[in-house]
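The values are calculated or read from the model by the stated rules, or taken from the named source; none is laboratory data. None of these values were measured; they are calculated from a predicted model. Heads up: the accessible areas ignore ligands, DNA and RNA and are worked out on the full protein's heavy atoms, side chains in. Shrake-Rupley method; radii C 1.70, N 1.55, O 1.52, S 1.80 Å.
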Amino acid sequence: MTSFALKIIACITMLIDHFTYLFIPYSSTVEIGGKLISWHLVGRGIGRIAFPVFCFLLVEGFYRTASRRKYMLRMLIFALVSEIPFDLAFTDFSGTASCMSYQNVMFTLLFGLALMYLYEELKARYLMQPLVFNTLGVILIVGVSAAAVLLRTDYNYLGILIILVFYLFRGKKQWIALGMTFVLWMFSERLEFFALTALLPIFCYNGKQGPKVKYLFYVFYPAHLLLLALAAGLK
């Protein structure tokens, strides 16, 4: 499976997740095997696939990009561009919440990029000094995770930890599976365990790019949020 195919899977499942969140009530149910299943939970469960796939692609992009600094700058620009559509789609403007109370997921991905960039710098300088390297590494991880929490980015510290799993165990499927399971078990709600199904397409990745559509996710993310916000305003 190419990176292009993974991007398509992530975009579709993200759209399903956001559409479900905005338009399908929890009370909407279907009977399966004599049990009532909430369509809302089904849609949100499918949506859990998107974020781990984007985290995986983020790490692959980090290693393959010609310029890591430009990669971070590009992510920052689109995070800023996406914030208004994100607020329109998900922020309560009734006066009980402000636009700055919750930030879009691109900020989380940006923090993940910054974490990997700084961790690589630590490797270059202190890898031969294990005590110093490990101490600074822990401080860095805690610091970036805390920043994500303080700025209330989507997925916040959980997102940082998932990115870290793909980064630290890159190319080691068993360790990625164990790491993801541990992180979700320790730090997330039950619904997030559906994210483990994302490992199925991720582990089918063949290292190839496929059709070159560099800005697919960057454009799709704010565009679909804006369209959903407009649709929600019309309902």
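Leaving out ligands and nucleic acids, and using a 1.4 Å probe, what accessible area per residue does the chain come to in Å²? Display every interim value, and only then the final one.
Numbers: 12720 Å² over 235 residues.
Per residue, the chain has 54 Å² of solvent-accessible surface.
State which helices in the chain qualify, where a helix is a whole DSSP H run, it must extend 24 Å or more along its own axis by its Cα atoms, and its mean Kyte-Doolittle hydropathy must be at least 0.5. Working shown, then result.
Working: long enough: 3-23 (29 Å, 1.51); 68-90 (30 Å, 0.70); 105-126 (31 Å, 0.89); 130-150 (29 Å, 2.19); 216-234 (27 Å, 1.88).
Result, helices passing both filters: 3-23, 68-90, 105-126, 130-150, 216-234.
Which of the three applies to the stretch 31-84, rounded, prolate or oblate, going by the alpha-carbon gyration tensor with a ≥ b ≥ c and a/c under 1.5 meaning rounded?
Working: a/c = 9.06, a/b = 2.46, b/c = 3.69.
Cα axes put the stretch 31-84 in the oblate bin.
Mean separation of Cα pairs under 8 Å and 6+ residues apart, divided by the residue count of the chain: what relative contact order is that in percent? Mind showing how you got there, number by number?
On the way: 278 pairs, mean separation 73.4, N = 235.
Result for the chain is 31 percent.
Which one, GLY207, GLY179, GLY137, has the greatest fluctuation when you compute a Gaussian network model over the chain with C-alpha springs under 10 angstrom?
Highest fluctuation of the listed residues: GLY207.
Of the accessible area of the chain, with the probe set at 1.4 angstrom, what percent is carbon plus sulfur?
Details: 8770 of 12720 Å².
Roughly 69 percent of what the probe reaches on the chain is carbon or sulfur.
How far is the Cα center of the stretch 157-235 from the Cα center of the stretch 56-78, in Å?
15
Can you report the principal axis dimensions of the stretch 1-115 using only the alpha carbons, biggest first, rounded to whole angstrom?
Here the spans come out as 54, 44, 19 Å, largest first.
Hey, what number do you get for the chain at 222 nm if only DSSP H runs of n ≥ 4 count, each worth -39500 (n - 2.57), divided across all residues, to the nearest 500?
Numbers: 10 runs with 162 residues, N = 235.
It lands at -23000 deg cm²/dmol.
Heavy atoms only, 1.4 Å probe, whole protein assembly: order TRP175, TRP39, TRP185 by accessible area, highest first. Don't jump to the answer; show the numbers that get you there.
Numbers: TRP175 140, TRP39 115, TRP185 170 Å².
Solvent-accessible surface, decreasing: TRP185, TRP175, TRP39.
Using square roots of five times the C-alpha gyration tensor eigenvalues, list the equivalent-ellipsoid semi-axes of the stretch 72-172 in whole Å, biggest first. Let's see the in-between values first.
Values: eigenvalues 189, 35, 24 Å².
With the √(5λ) rule applied to the stretch 72-172, the semi-axes are 31, 13, 11 Å.
Using every Cα-Cα pair within the stretch 1-60, state what percent have a distance larger than 20 Å. Intermediate values should be presented prior to the final figure.
On the way: 639 of 1770 pairs.
For the stretch 1-60, the share of Cα pairs beyond 20 Å comes to 36 percent.
Cut-off under 25 Å on the C-alpha distance; same-chain residues fewer than 8 positions from LYS70 excluded. Which lysines are left, in chain and number order?
LYS7, LYS123, LYS208, LYS212, LYS214
Mind grabbing the accessible area of VAL144 for me, 1.4 Å probe, Å², rounded to tens?
Accessible area of VAL144: about 20 Å².
Across the chain, what fraction of all alpha-carbon pairs, as a whole percent, falls in each successive 5 Å bin from zero upward?
1, 6, 12, 17, 20, 17, 12, 7, 4, 2, 1, 0, 0
Taking each pair of different alpha-carbon atoms in the stretch 158-235 once, compute 1/r for the pair, average those values, and report the inverse of that mean as the Kirkwood hydrodynamic radius in Å to one decimal. Numbers along the way, then the final one.
Details: mean 1/r = 0.0663 Å⁻¹.
When all Cα pairs of the stretch 158-235 are included, the Kirkwood radius is 15.1 Å.
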